[in-house]
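Below is one structure, written out as structure tokens; the observations come after it.
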Amino acid sequence: MSNHLENQVRTCDTTGLPVCLNAQKFIRLHGVCAVVFLLIGAVAAILLALTRWPAVHLLNAEWYYRVLTLHGLNMLIFWILFIEVAILYFAATTLLNSRLFSKGVAWAAFLMMIVGAIMVDTVVFQGKADVLMTSYTPLKADPMFYLGIILVAVGTLTGVFNFFATVYIAKRDKTYEGSVPLVVFGAIAAAVIAVVTLLHGAVVMIPTWFWSMGWAEAPDPGWYRLVWWGLGHQSQQVNVCAMVSVWYLLATLTTGAKPLNQAVCRTAFVLYILFINLASAHHLLVDPGVGASWKIWNTSYAMYLAVLASMIHGFTVPASVEVAQRARGYVRGLFSWLTNAPWKNPGFSAFFLSLIIFGFIGGITGVTLGTQQINILAHNTLRIPGHFHATVVGGTTLAFMGLIYYVVPLIFQKEFYARSVATIQPYIFAAGITLMSIGMSFAGSAGVPRRHWDVEFAGANLAAGFDSGTHLWLGIMGMGGVLAFVGLLTFILLTVAAVFFGKSNKGRAMTPWATPKSLVTEGDAEAAHDERSPGTMVLVIVLLAAFVVYYFANWLALTDVWHVR
Amino acid sequence: MSIHIPEKDWFKAPTGGERVWIALSLVWCLIMFIMMPVWHFKGKQNSTGEAYRVEPAQFMARVQQSIQTQSVGEENGVPIVQPPPGGDAYLLGQMWRWQPILKLKKDQSYRLHVSSLDLQHGFSLLPVNMNFHILPGYDHVLTITPTQTGEYQVICNEFCGIGHHLMTGKIIVE
Ligand code: HEM
Ligand SMILES: [Cu+2]
Ligand SMILES: [Cu+2]
């Protein structure tokens with residue numbers, strides 16, 4: 001039994017799923033704002049890439065740090081949070097056949113978030129908060145900066161509350177029978193982690209705001225880092241959870257895949273919830289004041305059980321695609337299912353490239369750099385942005401792009417222009433981010449610092465600098481950055497054009513993106529159905545091999561440095 | 001499908017390839033976990049986080065004392081200090097320099113105390129590429145043993161204001 005109010009629901013002309021009109025309104029609102037913040041972040045990104053590329057060195061020092069602050073906040077916090085709240089609203093309403101719990105709460109959440117974000121961007125632009133997104137004490141920003149962040153956090157928390165309340169009324173009103181769909185389960189996991197994360201944010205930001213107002217002593221910098229990263233890193237796990245849910249969603253939408261074993265997928269999400277809260281530790285691996293055993297236990301998220309979860313999803317997601325494709329008749333060899341996947345569908349290519357970049361680059365580097373001792377070789381070097389541009393950009397952001405290729409026709413009910421450009425956009429972005437990430441990683445391996453205006457150290461009293469090989473990697477980073485920017489801007493332009501000027505598809509199904517053709521007739525498909533996924537097995541074994549090699553290569557590199565205890 | 005209510009009997013044990021992969025992954029996770037405690041006891045490079053509370057002014061006084069008693073010269077106005085092998089060495093980070101320059105002996109160990117007078121800083125030793133976080137109010141003690149001779153740069157890799165890129169220092173190993 002659905003609990004929709006009269007005239008507050010429509011049936012999707014493409015999927016037949018119910019769409020709550022209130023939820024739809026807020027999904028649109030959050031979506032549009034998210035893309036605006038993505039644009040601000042993108043303009044900042046190209047300026048940064050062109051500044052860190054020594055041959056160009058575009059901005060002056062003051063603007064480099066200001067733009068860096070802007071980039072981190074608009075991308076990592078605003079773009080991601082606005083999109084995620086939209087995803088939560090979608091999952092709880094459409095997929096549970098429920099209405100949104102409260103329009104008023106949704107407005108309150110939205111207004112707090114948007115006002116907070118605008119406050120933050122304004123003070124940063126005015127040059128009153130050149131503290132980077134981490135605002136490590138005792139660096140001090142204008143009080144409006146902290147207040148803005150607090151507003152964004154409380155607003156998001158309010159949106160998350162609306163999500164849980166919706167899940168609750170859906171259950172109460174029996175709008176569905178049995179267990180929630182997997183994507184909703186993933187969204188719930190993300191939301192649970194988000195609550196813990198945002199509470200950390202409140203714990204750290206409120207005293208810091210008091211201090212900036214002159215009402216309290218400065219928070220201890222060690223304590224600040226510990227709690228801030230309870231916000232800063234756990235929010236990345238929210239992103240991982242949301243991204244994996246989107247992978248499952250897009251796998252279904254683009255190839256009709258269905259998860260092989262729901263128990264496995266769900267257990268993996270539970271592992272995230274249980275062990276993610278130790279995440280702040282791996283930012284403190286070379287910090288004073290926290291001991292080795294604390295670092296080792298926490299940084300491993302209790303023996304890497306959260307990593308295990310990601311490795312499980314890394315298998316189950318492509319395996320589900322493989323099984324679906326094999327059922328379509330792509331049974332030849334190990335990989336004909338993959339080569340015949342709908343690569344011209346930007347929803348599919350974005351999703352699959354995201355999976356590959358997240359796994360092969362982001363995941364492997366992240367676990368390795370977050371190893372207690374290996375972190376000595378990586379802390380605050382460019383290896384760190386090299387890693388997270390492969391997770392939260394090549395992974396999460398790219399997956400969300402794939403999602404938006406469906407959200408615009410299905411929720412905004414508008415068609416994209418220039419569909420052939422959309423077809424190649426994920427490839428451009430993925431290639432750019434991959435190049436940039438590799439350039440950053442290698443430059444960082446030579447010790448090039450992150451968050452640093454001038455790697456030539458011009459004007460420093462005691463000279464320092466890097467060799468020409470390192471400059472080459474920085475050049476590759478710069479070129480990758482430019483390419484990624486082109487891909488990102490293309491995406492934004494396509495989306496804006498579609499949302500504001502696109503042709504409406506109300507009353508009919510969306511123009512489909514490329515879908516895989518079936519080689520078999522209905523009857524055969526049933527017969528040929530088999531659940532094996534040997535191609536995926538080969539892929540993950542290659543992943544594991546790469547992981548092992550990279551991991552031990554780093555231990556080997558560690559033996560070369562001075563002894564230290 | 002991932003967007004639909006699962007069948008009633010969805011709760012079942014993994015089978016086939018899935019099961020193999022979970023087992024492999026679990027083994028790999030445990031290997032990675034074990035590596036850290038093993039290295040802690042057997043390895044030569046560890047970050048133990050040894051630290052003591054210290055007022056910035058007090059730390060400054062210790063640095064100045066080491067400069068007065070152990071100075072062996074200066075470069076560009078920065079004193080060069082030669083601490084006793086096996087003993088304490090002091091390095092102060094402030095906006096925007098590291099001082100003093102330290103002169104160490106290869107294969108000798110030192111208790112290197114690093115702290116900050118003002119903001120957070122990043123101790124980054126080049127081209128070796130070793131990095132530690134430095135906080136004001138914390139005397140971060142690194143028991144280090146240089147294993148190579150030569151001149152090494154110390155730079156700052158935590159943002160500490162507009163002159164962050166000017167913050168350099170030096171360690172000489174003979
Ligand atoms: C066109 C795409 C992008 C390019 C070219 C780009 C480039 C860069 C560059 C050059 C830096 C500065 C590194 C440094 O100097 O330390 C940076 C930092 C960063 N980027 Fe991106 N980026 C892109 C997209 C994104 C996205 C989509 C996100 C998040 C979802 C993101 C999150 C960050 C964060 C968190 C930082 C660190 C800020 C800090 O150190 O405070 N980036 N990016
Ligand atoms: Cu500094
Ligand atoms: Cu600095």
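Some observations on this one:
- Rounded Å value of the spacing that divides the Cα centres of region A:128-203 and region A:262-308: 20 Å
- As computed over region A:321-398, the Cα convex hull volume per residue (Å³): 102 Å³
- Here chain B has an Rg and Dmax of 23.5, 80 Å, counting Cα atoms alone.
- Distance in nm between pseudo-label sites at A:Val195 and A:Leu21 (7 Å out along the Cβ direction from Cα): 3.2 nm
- In degrees, nearest ten, helix B:16-42 long axis to first principal axis of chain B (Cα): 20 degrees
- Debye log10 I(q)/I(0) at q = 0.13, 0.17, 0.21, 0.25 Å⁻¹ for region A:85-169, Cα point scatterers: -0.50, -0.69, -0.85, -1.05
- Spatial separation of Cα centroids for region B:99-136 and region A:472-507, in angstrom: 43 Å
- Once the Cβ-Cβ distance of A:Met213 and B:Thr143 is raised to the sixth power relative to R0 = 30 Å, the FRET efficiency obtained is 0.15.
- Straight-line cross-link reach from A:Lys506 at under 21 Å between alpha-carbon atoms covers these lysines, not counting any fewer than eight positions away in the same chain: A:Lys25, A:Lys414.
- Computed over chain A: relative contact order in percent, which uses C-alpha pairs under 8 Å that are six or more apart: 15 percent
- Dipole of region A:195-328, positive direction: furthest Cα of A:Trp247, A:Ser293, A:Ala257, with charges on the beta-carbon: A:Ala257
- Structure note, pairs A:Lys295/B:Lys42; A:Lys295/B:Lys103; A:Lys171/A:Lys503: Cα-Cα distances above 25 angstrom occur for A:Lys295/B:Lys103; A:Lys171/A:Lys503.
- Computed over chain B: relative contact order in percent, which uses C-alpha pairs under 8 Å that are six or more apart: 20 percent
- Rounded to the nearest whole Hz, the Karplus-based 3J(HN,Hα) values (6.51 cos²θ - 1.76 cosθ + 1.60, θ = phi - 60°) of region A:237-250 follow the sequence 6, 4, 4, 4, 4, 5, 4, 5, 4, 5, 4, 4, 4, 5, with x at glycine and proline.
- Placed amide H near B:Val78: partners under 5 Å, 5+ positions off or other chain: none
- Antiparallel bridge percentage (DSSP; both residues within the protein assembly as shown; nearest 5): 75 percent
- Neighbour counts of other Cβ atoms within 10 Å put B:Arg111, B:Arg53, A:Arg52 in the fewest-to-most order B:Arg53, B:Arg111, A:Arg52.
- For the segment B:94-104, counting C-beta atoms of other chains within 10 Å of every residue's C-beta and taking the mean gives 1.
- Listed from fewest to most Cβ neighbours within 10 Å, the set B:Cys156, A:Cys20, B:Cys29 follows the order B:Cys29, A:Cys20, B:Cys156.
- Qualifying aspartates and glutamates (Cα of each under 20 Å from Cα of A:Lys344; at least 8 residues distant if same chain): A:Glu322, A:Glu415
- As an equivalent ellipsoid, region A:146-236 spans semi-axes of 34, 14, 8 angstrom, where each value is the square root of five times an eigenvalue of the C-alpha gyration tensor, largest first.
- Here A:Met113, A:Met213 are placed in order of increasing Cβ neighbour count within 10 Å, fewest first, which gives A:Met213, A:Met113.
- Proximal lysines relative to B:Lys106, as straight alpha-carbon distance under 19 Å, when same-chain residues fewer than 8 apart are discounted: B:Lys44, B:Lys170
- Rounded tilt (10° steps) of A:398-407 against the dominant C-alpha axis of chain A: 40 degrees
- Projected over every direction and averaged, the convex hull enclosing the alpha-carbon atoms of chain A yields 26.5 nm².
- Tilt relative to chain B, helix B:56-70 - C-alpha long axis, 0 to 90 degrees, to 10: 50 degrees
Any read-out appearing in this document is the output of simple, stated calculations on the displayed coordinates, not a laboratory observation. Note that the structure is a prediction, hence the values are computed from the model and not measured. Every residue, glycine as well, gets a Cβ built from its backbone with ideal geometry; the counts of neighbours run over all protein chains shown.
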